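Let me begin by presenting the structure, written as structure tokens, before commenting on it.
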Amino acid sequence: MTTETIFSKIIKKEIPADIVYEDDLALAFRDITPQAPVHILVIPKQAIAKISDAEPQDQALLGHLLLVCGKIAKEQGLDNGFRLVINNGDDGGQTVHHLHIHILGKRFMQWPPG
């Protein structure tokens, strides 16, 4: 169980967001502090605080989120490549404790990432 976050408020449309995709399971919107020319967050509507909190019954949802990322990347014209990032916990750089996947694209990605 997770507490209410800015993302849960976006899901409930209590806070505006530049939404690029929505279905029954997921919501995707542009990051307000983009780290790349294309920076979109994909979140599950189900409250999962972080990827390490996911349970076996979340397998289909997690797969759905990845498929949504691929669909959005294609729609955004990221044909030359993109990066997906999931931060997990405070040491992993997670600042909002609602599982989210960053789609980053339209620039060359360095390695290692950080």
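For (1) open to solvent by 40 Å² or more (accessible area, probe 1.4 Å); (2) of a type in the set (A, V, I, L, M); (3) free of Cβ contacts under 8 Å to residues at least 12 places away in the same chain, each residue gets a yes or a no:
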position	(1), (2), (3)
GLU55	yes, no, yes
LEU66	yes, yes, no
GLU75	yes, no, no
ARG83	yes, no, no
ILE86	yes, yes, no
ASP91	yes, no, yes
GLN94	no, no, no
ILE101	no, yes, no
GLY105	no, no, no
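What is the one condition in (1) surrounded by 18 or more Cβ atoms within 10 Å (Cβ to Cβ); (2) touching an Asp or Glu at 6+ places or on another chain (Cβ under 9 Å); (3) free of Cβ contacts under 8 Å to residues at least 60 places away in the same chain that ILE40 does not satisfy? Only one criterion in (1) surrounded by 18 or more Cβ atoms within 10 Å (Cβ to Cβ); (2) touching an Asp or Glu at 6+ places or on another chain (Cβ under 9 Å); (3) free of Cβ contacts under 8 Å to residues at least 60 places away in the same chain is unmet by ILE40, namely (3).
The values are calculated or read from the model by the stated rules, or taken from the named source; none is laboratory data. None of these values were measured; they are calculated from a predicted model. Using ideal geometry, Cβ is built from the backbone for each residue, glycine included, and neighbour counts are taken over all protein chains shown. Areas reflect the complete protein model, heavy atoms only, side chains present, ligands, DNA and RNA absent. Shrake-Rupley method; radii C 1.70, N 1.55, O 1.52, S 1.80 Å.
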